[in-house]
Amino acid sequence: MKLVFATHNKNKFNEVQRLLPKHIELLSLDDIKSFEAIPETADTLEGNARIKADYVTQNFGYPCFADDTGLLVRALNGAPGVFSARYAGPNANANANMKKLLEALKGKQDRSAQFETVIALNLKTETKLFRASAPGKIITERKGVEGFGYDPIFMPDGFDKTFAELPIEVKNKISHRGKAISQLLTYLNTL
């Protein structure tokens with residue numbers, strides 16, 4: 001089965017590819033020659049996931065899934081949330097986003113946060129949604145070199161290491177994306 005994961009992010013693609021069984025051939029947007037950025041114009045994670053999945057299905061005809069993930073920080077009223085990837089501006093990178101977040105949390109006692117992921121799967125004529133979260137906290141300085149995005153400053157509940165310090169096998173079992181992909185796979189296995 002060929003299935004498109006609507007992403008240009010190679011780190012995210014590789015992380016998800018490790019979770020899929022061999023009978024699913026995972027394709028990225030680059031693999032199907034979709035090189036333009038798909039505008040994420042919704043004000044919810046679900047809305048952005050649907051926009052990306054629908055774009056691929058309508059323009060390329062492939063079964064597809066797309067995710068949108070946000071980091072919700074309690075002391076910042078849920079920010080950066082749906083704007084997590086562009087928190088420091090439209091062309092910001094992970095370092096700029098982490099720097100802005102750490103600045104915003106200076107002096108805050110409550111550093112609790114959670115990642116949330118919504119996956120939209122377009123298969124045949126219907127869309128299925130899968131949601132998962134990973135609670136934790138934002139630490140005061142970066143630790144670790146694995147992962148991507150906010151991983152070096154996010155420490156999941158029950159661990160003394162950040163997502164960027166944990167082995168990928170451990171991260172995939174406890175992360176928001178790993179849990180949402182697990183739900184997706186459970187569904188695909190029923191077909």
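Ile51 meets each of the listed conditions (1) open to solvent by 30 Å² or more (accessible area, probe 1.4 Å); (2) at pLDDT 95 or above; (3) of a type outside the set (Lys, Arg); (4) in contact with a Leu (Cβ under 9 Å, 6 or more places away or on another chain) apart from (4). The residues on offer are Asn172, Asn122, Asn189, and the sole one that is more than 19 Å from Pro80 (Cα to Cα), of a type in the set (S, T, N, Q) and modelled with pLDDT of 95 or more is Asn122. Annotation: of all residues in region 83-135 being in contact with a strand residue (DSSP E or B) (Cβ under 6 Å, 6 or more places away or on another chain) and small (Gly, Ala, Ser), the one that is nearest to Leu72 (Cα to Cα) is Ala113. Kindly indicate the residue of region 5-33 that is part of a helix (DSSP H, G or I) and not hydrophobic (A, V, I, L, M, F, W, C) and also nearest to Asn172 (Cα to Cα) among those meeting that condition. Among those residues, the one meeting the criterion is Glu15. Close contacts from region 136-165, counting a first residue that is on the phi > 0 side of the Ramachandran plot and a second that is of a type in the set (Val, Ile, Thr) and assigned to a strand (DSSP E or B), with Cβ to Cβ under 9 Å and a gap of 6+ residues or different chains, come to Gly149/Thr69.
With respect to (1) open to solvent by 60 Å² or more (accessible area, probe 1.4 Å); (2) within 21 Å of Asp54 (Cα to Cα); (3) among the small types (Gly, Ala, Ser), the lone exception for Gly158 is condition (2).
Looking at region 92-120, which of the residues that are buried (at least 21 other Cβ atoms within 10 Å of the Cβ) and over 14 Å from the mean Cα position of the chain (by Cα) is nearest to Met155 (Cα to Cα)? Taking the candidates together, the pick is Ala113. Does Glu116 count as of a type in the set (Asp, Glu) and without any contact (Cβ under 8 Å) to a residue 60 or more places away in the chain? Taking the combined requirement at face value, the residue does not satisfy it. Only a single item in (1) more than 23 Å from Asp157 (Cα to Cα); (2) at pLDDT 95 or above; (3) surrounded by 15 or more Cβ atoms within 10 Å (Cβ to Cβ); (4) not polar (S, T, N, Q) is not met by Ile38, and it is number (2).
The set of residues in region 51-82 that are over 22 Å from Leu191 (Cβ atoms) and either without any contact (Cβ under 8 Å) to a residue 12 or more places away in the chain or not hydrophobic (A, V, I, L, M, F, W, C) (or both) comprises Tyr55, Asn59, Asp68, Thr69, Gly70, Arg74, Asn77, Gly78, Pro80, Gly81. Lys124 meets the conditions (1) under 30 Å from Ile24 (Cβ atoms); (2) without any contact (Cβ under 8 Å) to a residue 60 or more places away in the chain; (3) surrounded by fewer than 17 Cβ atoms within 10 Å (Cβ to Cβ) in every case but one. The failed one is (2).
The values are calculated or read from the model by the stated rules, or taken from the named source; none is laboratory data. If you're wondering where the values come from, they're calculated on a predicted model, not measured in any experiment. Methodologically, a virtual Cβ is constructed for each residue, glycine included, from the backbone with ideal geometry; neighbour enumeration extends over all protein chains shown. For the accessible areas, the whole protein counts, side chains as well, though only heavy atoms, and no ligand, DNA or RNA atoms are used. Shrake-Rupley method; radii C 1.70, N 1.55, O 1.52, S 1.80 Å.
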